[in-house]
Each structure stands twice: as C-alpha cells, then as structure tokens.
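Engineer: I have a structure I would like to understand better, so I am pasting it below and will then ask my questions one at a time.
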Amino acid sequence: MKTPQETDCRRTSTSFMFIGCSDSRVSEGTVFNARPGTFFTERNIANQFHATDANAHSVMSYALAELGVKHIIVMGHYGCGGVAAAIASAPSAPIDAANGAVQNWIDPIRAIFQTSTRPEIVELREKNKLLAKVEEPEPQEPGFRALVEENVKASVRRIATDSVIANHYAHSLATQQ
Ligand SMILES: [Zn+2]
C-alpha cells in the first residue's frame, strides 16, 4: 500500500479537471462524494481561470497533456464570498497588502458586474448606484446569483480560447489523421 507521498498522479484514471472556489464548503470531494483520483483540481477565490495565472495554467496543461483529462468542470456556488465582495464597495485607501491581493484577484468579477447586460445584474447595479456605500448582498439577491453564473461563464470562455486548449485540439486532430 502506498502512502500519499508515493502516489503517482499519472497512474490514476483521472477523467476530470475541476476548477472550484477555495471556500471549504464546496470542496469537490464533498460535493461529488468523489474518491481520491477522480479530480485533478485547481481552487481559488471565486473559481476563476486566467491564462496569466501560472498555477491554473500549469494545472490545466498537465491535466490535458499527461493525464488525458477529457472534461474540465468550472463550478461556482451561490453565496460565494469572492463574488459578493466584487459587488460591494471596494475598501477605501489605505488598504493592507492582504486585502489588496484579494481586491486585485476579484477585479475581473467587478468588471463583469460593471459591464454585464444581464437584467438581474443591471437592476442590482442601478440600485447600488444610489447608495453611498454598497454592502455585500444577501445570497438570495437575484443580481448576486446571476453574477455567480456569469463569472463561471467567463472562466469557461477563457478556457475555451486558451492557447493550451487550442494546441491540444490541434495536436489531437493531427494525430487522428
Ligand atoms: Zn466562493
């Protein structure tokens, strides 16, 4: 029997790559009742994928090239604290380094909130414009729920157009001919 340190991740039959939120309530093992070896996983605040994120990019590259993963799951969750923070007013200066790192990380979600044309998001955005300071929304707020969904879609779009995916498909097509 191997100890975890001796387990070679190339020898598992991992079929899925999972991108999820760091929130402890949405661990892939718990949500899917999955056994070790099911998911090759990347988790970060608000389940984002960015090509400029070397960690996520290398996880995806390895998943495709070495593990033969066929499916990439991006799982968001309603009530996500990272998405809620992107709706609330940004903290006023001076902000400490830790808070600054989080604010930088959720900036792309703020951008989705500011530019989305989805009606629930537009409604919440217009409502918030009337407030001097916007607090984090309640989990059932429709605009918040819609932003959770749009944030997942944004990561899926970035993955679909990523160079690693494009190269992998090109290589797969070439070797099939
Ligand atoms: Zn979350």
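The values are calculated or read from the model by the stated rules, or taken from the named source; none is laboratory data. Owing to the predicted nature of the structure, the values given are computational and were not obtained by experimental measurement. Positions of Cβ are generated from backbone atoms using ideal geometry, with glycine treated the same way; all protein chains shown enter the neighbour counts. Accessible surface areas use protein heavy atoms only, side chains included; no ligands, DNA or RNA. Shrake-Rupley method; radii C 1.70, N 1.55, O 1.52, S 1.80 Å.
Engineer: Restricting to region 1-29, what's the tally of residues that are modelled with pLDDT under 90, of a type outside the set (Asp, Glu) and not in a loop (DSSP other than H, G, I, E, B)?
Structural biologist: Matching residues across region 1-29 total 6.
Engineer: Taking the condition of being open to solvent by 10 Å² or more (accessible area, probe 1.4 Å) and part of a loop (DSSP other than H, G, I, E, B), how many residues in region 39-65 meet it?
Structural biologist: Looking only at that region, the number is 5.
Engineer: Just to verify a result, which residue in region 13-29, among those that are within 19 Å of residue 60 (Cβ to Cβ) and more than 11 Å from the ligand (Cβ to nearest atom), is surrounded by the fewest Cβ atoms within 10 Å (Cβ to Cβ)?
Structural biologist: Restricting to residues being within 19 Å of residue 60 (Cβ to Cβ) and more than 11 Å from the ligand (Cβ to nearest atom), the top hit is 13.
Engineer: Separate question: Which of the residues spanning region 70-104 are under 25 Å from residue 129 (Cβ atoms) and among the aliphatic types (A, V, I, L, M)?
Structural biologist: If the condition is that a residue be under 25 Å from residue 129 (Cβ atoms) and among the aliphatic types (A, V, I, L, M), then 83, 84, 85, 86, 87, 88, 90, 93, 95, 102 are the ones that fit.
Engineer: Scan region 66-75 for residues that are of a type in the set (A, V, I, L, M) and not in a loop (DSSP other than H, G, I, E, B) and report the count.
Structural biologist: 3
Engineer: Among the candidates 118, 110, which residue alone is under 15 Å from the mean Cα position of the chain (by Cα), among the basic types (Lys, Arg) and modelled with pLDDT of 95 or more?
Structural biologist: 110
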